[in-house]
Structure formats: structure tokens, C-alpha cells
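Peer 1: The structure's right below; bear with me while I get my questions together.
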Amino acid sequence: MDSSLSVTLPSKLLARCKAYGERVISDYAFGMNTASRSVSTHRADVDSQVQILGRAAECAVSLWCGLDIEQLNWTRGCDGGFDVLIERIYRADVKATSERGRLLIWPIGKRHIFESKQFDLLILVRRSGADEFLIRGWSSKVGFKRDHEVADGLPGITDGTWYMHERDLNNPYLLRDGGCDTIFDDDRAELAA
């Protein structure tokens, strides 16, 4: 494991993530954020641990990229389709996975909103301990659409889910210091062709 890709969240921040995740579930139960709940998958609308893991992963990306965690949407409303801004222009949707997870997924229940969802890239973060998270890689939206595979009989993943294995993702270090530009230049050229 490359320890420079590891982020340890302070206990105070983990407690904030826990409170946030529990509030999201409570808000869902009271009928708030119906648009978000309608595309919720993997029990994310009833399991606070899923929400806590997701928020902790977003915090890990923010810290690893040197961003202020206050840029995250800590309000009770839905986000704008992305979680963090990389290099102030690239809208990133952070996807968390467990210790054993190796796949960046786009769930089958959200496939119908892939095109309309406002993000530029997907980032995979794997939990590696109670307070430790690993930045595993990323894909541009264009790259994910072009390169994803479709689950069919894979253990632990719903058939029809789009995914990319972490080994096929872009190097996490490209998320820093202007490294995304090369990938996005390639995407622009592909879209223009």
C-alpha cells in the first residue's frame, strides 16, 4: 500500500461525519430530499453506515487534495450532483467502498441519471480502517462511460451495474497540481471527433 495515498481522519471529523450520516437517514425518514432518495441504492436511504462512509470518503478526498472540508455540502439539502471541486473547476463525485472493495461503481438504479448528473469525474476511495481511507483512483465521466464494464454474475454486485476495477483507473496523483488537464484534454478531443 502506498501510504502517501492514505488519509487518517481526526476523531472530531469522524464524529461530524457520523452526525451528518444519521441526519441524512432521519431526513429521508421524514420525507425530505425525495429526489435523492428516489435514486438511492444499496440501502443508502435507510443505513446510516452507508451515509457515514460516503461522507468520510468525501472528507478524505478533500484533505488529501488540500481542500477545505467546508466546501462539502453539510446542509440538509441535496448536493448539486457532485461532492468536491478539484482544481476549482472539476466537479467530483466521490464513491466509497469497504476494505475489500476494488470497484468504482455506478449502480444500476442510477444509470438513468448518469448523463444528466452534473459531475466531471468519479473518485474511488476505499476504507482501510476505522479512521483510515485510501484514495484509489479516478475516471473522468467521459472515460467511465467509454471504459466501464457491466456486472453480470459478479459476487456482491448487482447485475447491470456499471463498474471499473481500481487497477484501470487514473493515477490519484493526477488529482493534484493540474494533473487532470491531460485526461480532460483527451476527453475533449474524443468528444469533438
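The values are calculated or read from the model by the stated rules, or taken from the named source; none is laboratory data. Quick caveat: nothing in here was measured; it's all calculated off a predicted structure. Backbone-built Cβ (ideal geometry, glycine too); neighbour counts: all protein chains shown.
Peer 1: I'm checking my understanding of the structure. Among residues of the stretch 84-98 that are farther than 14 Å from Tyr163 by Cα and among the charged types (D, E, K, R), which one is surrounded by the most Cβ atoms within 10 Å (Cβ to Cβ)?
Peer 2: Asp93
Peer 1: So is Arg127 crowded, with 19+ Cβ neighbours inside 10 Å and modelled with pLDDT of 90 or more or not? Can you show your working first?
Peer 2: Numbers: crowded, with 19+ Cβ neighbours inside 10 Å: yes; modelled with pLDDT of 90 or more: yes.
Judged against the criteria, Arg127 is a match.
Peer 1: Quick one: which residue in Ser116, Ser139 is hydroxyl-bearing (Ser, Thr, Tyr), farther than 23 Å from Ser11 by Cα and under 15 Å from the mean Cα position of the chain (by Cα)?
Peer 2: Ser139
Peer 1: Could you please find all residues in the stretch 100-127 being within 20 Å of Val50 (Cα to Cα) and of a type in the set (Val, Ile, Thr)?
Peer 2: Result: Ile105, Ile108, Ile123, Val125.
Okay, residues lined up against (1) farther than 18 Å from Arg126 by Cα; (2) at pLDDT 90 or above; (3) outside any loop (DSSP other than H, G, I, E, B):
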| position | (1), (2), (3) |
| --- | --- |
| Gly21 | no, yes, yes |
| Ala56 | no, yes, yes |
| Leu63 | no, yes, yes |
| Asn73 | yes, yes, no |
| Gly81 | yes, no, no |
| Arg88 | yes, no, no |
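Peer 1: Next question, about the same structure. Every residue in the stretch 102-124 that is of a type in the set (Gly, Ala, Ser) and either modelled with pLDDT of 95 or more or closer than 20 Å to Asp187 by Cβ (or both), please.
Peer 2: Ser116
Rundown of residues vs (1) over 16 Å from the mean Cα position of the chain (by Cα); (2) of a type outside the set (Ser, Thr, Tyr); (3) in a loop (DSSP other than H, G, I, E, B); (4) more than 27 Å from Glu87 (Cα to Cα), yes/no style:
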residue	(1), (2), (3), (4)
His112	yes, yes, no, yes
Ala130	yes, yes, yes, yes
Ile135	no, yes, no, no
Phe144	no, yes, no, no
Pro155	yes, yes, yes, yes
Tyr163	no, no, no, no
Gly178	yes, yes, yes, no
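Peer 1: Give the residues of the stretch 49-76 that are surrounded by fewer than 18 Cβ atoms within 10 Å (Cβ to Cβ) and either under 13 Å from the mean Cα position of the chain (by Cα) or among the charged types (D, E, K, R) (or both), sorted by residue number.
Peer 2: Asp68, Glu70, Arg76
Peer 1: Ok, one more. Among the candidates Gly101, Gly81, which residue alone is surrounded by fewer than 16 Cβ atoms within 10 Å (Cβ to Cβ) and either out of contact with any Pro (no Cβ under 9 Å at 6 or more places or on another chain) or in contact (Cβ under 8 Å) with a residue 60 or more places away in the chain (or both)?
Peer 2: Gly81
Peer 1: Which one of these is closer than 21 Å to Ile108 by Cα, polar (S, T, N, Q) and modelled with pLDDT under 95: Thr182, Thr158?
Peer 2: Exactly one of Thr182, Thr158 is closer than 21 Å to Ile108 by Cα, polar (S, T, N, Q) and modelled with pLDDT under 95, namely Thr158.
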